[in-house]
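The values are calculated or read from the model by the stated rules, or taken from the named source; none is laboratory data. Keep in mind the model is a prediction, meaning the values are calculated, not measured. Cβ coordinates were reconstructed from backbone atoms using ideal geometry, including for glycine residues, and neighbour counts include every protein chain displayed. Heavy atoms of the whole protein, side chains included, go into the accessibility calculation; ligands, DNA and RNA do not. Shrake-Rupley method; radii C 1.70, N 1.55, O 1.52, S 1.80 Å.
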Amino acid sequence: MTQNIHLKQRNEILAKRVVENLQKRFFDAYYAETKEEALAKAIELIPSSDTVSWGGSVSIEQIGLLDYILNNNFKVINRDLAKSQEEKLNLLRQAMLCDTYLMGTNAISEDGQLVNIDCVGNRTAALMFGPKSIIIIAGMNKIAPTVEDAIKRVRNYAAPVNIQRVSSNKERQTPCFSTGTCFDCKSADSICSHIVITRLCNPQKRIKIILTNETLGF
């Protein structure tokens, strides 16, 4: 218990510095101590008239944000309802023009830069351009000292975990699927097609980041 308290204290100090650095890069950034506070802040940032969509994210599920959107009469673009791969791709394209797009991030450097790796590219594409507003939910486990450390985190931890998550009993022909770490492969099964570093938010405050003192996602 004592160690947990000290970790929370350390994370709170670091989180507030990261939020300040994100704001200096023109992100609209907030700190929330708990999942409940993060959810409340996210709800506050989403107008009830918005069309909402999302990228694959464990973090938005863990704080209850996805359930909130699905159960409160928002107009949604939900790729999970697709009955075919073609329909799913069409919904992913439609999501690029939604009002609010929800997602996590694979890593954030302490100086306030986002690092994301994507397979098809729908999540990173939305982050860069399209939806009017982006809301990112991130736990303190996503923080890395530098951009270089953030890339290492994504490639050697987040990607190997996520390839297990999305495989659904299908064996993937990638080194990370069988070894748990990145070998910079060029496999057709790779989920690492796009590596995107977002160093500034333009237009200013379009990307809203809620950093919470929790462990969320991978």
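Element breakdown for region 43-125 at a 1.4 angstrom probe: carbon and sulfur atoms account for 46% of the accessible area. Only one residue of Ser187, Ser133, His6 has its Cα farthest out toward the positive end of the dipole of the chain, where Lys and Arg carry +1 and Asp and Glu -1 on Cβ, and that residue is Ser187. Please name whichever of Ala144, Ser168, Ala15 sits farthest to the positive end of the charge dipole of the chain, dipole taken about the Cα centre and charges placed at Cβ: Lys and Arg +1, Asp and Glu -1. Projecting each Cα onto the dipole axis, the largest value belongs to Ala144. Extension gain, His6 to Leu97: 0.36 nm times the residue separation minus the Cα-Cα distance gives 28.5 nm.
When the listed pairs Lys16/Lys186; Lys142/Lys205; Lys8/Lys132 are checked against a 28 Å cut-off, the alpha-carbon distance exceeds it for Lys16/Lys186; Lys8/Lys132.
The shape of region 11-77 comes out prolate: with a ≥ b ≥ c from the C-alpha gyration tensor, a/c is at least 1.5 and a/b beats b/c. Summed over qualifying helices (DSSP H, 4 residues or more, each -39500 (n - 2.57)) and divided by its residue number, the chain shows a 222 nm mean residue ellipticity of -11000 deg cm²/dmol. With K and R counted +1 and D and E -1, the other residues having a Cβ less than 10 Å from that of Tyr30 yield a net charge of -1. Solvent-accessible surface of protein heavy atoms, probed at 1.4 angstrom with all chains present, puts Lys186, Lys132 in the order Lys186, Lys132, largest first.
Report the Cα centroid-to-centroid distance between region 3-62 and region 137-193 in angstrom, as an integer. Using only Cα atoms, the two centres lie 23 Å from each other.
Per residue, the accessible area of region 1-136 comes to 50 Å², computed with a 1.4 Å probe over protein heavy atoms only. Measuring only protein heavy atoms, the 1.4 Å probe finds Val147 accessible over about 20 Å².
Relative to the Cα centre, the charge distribution of region 7-110, modelled as +1 at Lys and Arg Cβ and -1 at Asp and Glu Cβ, gives a dipole magnitude of about 280 debye.
Peptides 54-64, 100-110 ranked from most to least packed, by the mean per-residue count of other Cβ atoms within 10 Å: 100-110, 54-64. In a reduced charge model with +1 at each Lys and Arg Cβ and -1 at each Asp and Glu Cβ, region 92-218 shows a dipole moment near 320 debye about its Cα centre. Applying 0.36 nm per residue to the separation of Glu20 and Ser187 and subtracting their alpha-carbon distance, the gain on full extension is 56.2 nm.
Mean silhouette area of the chain, derived from the convex hull of its C-alpha atoms and averaged over all directions, reads 12.3 nm².
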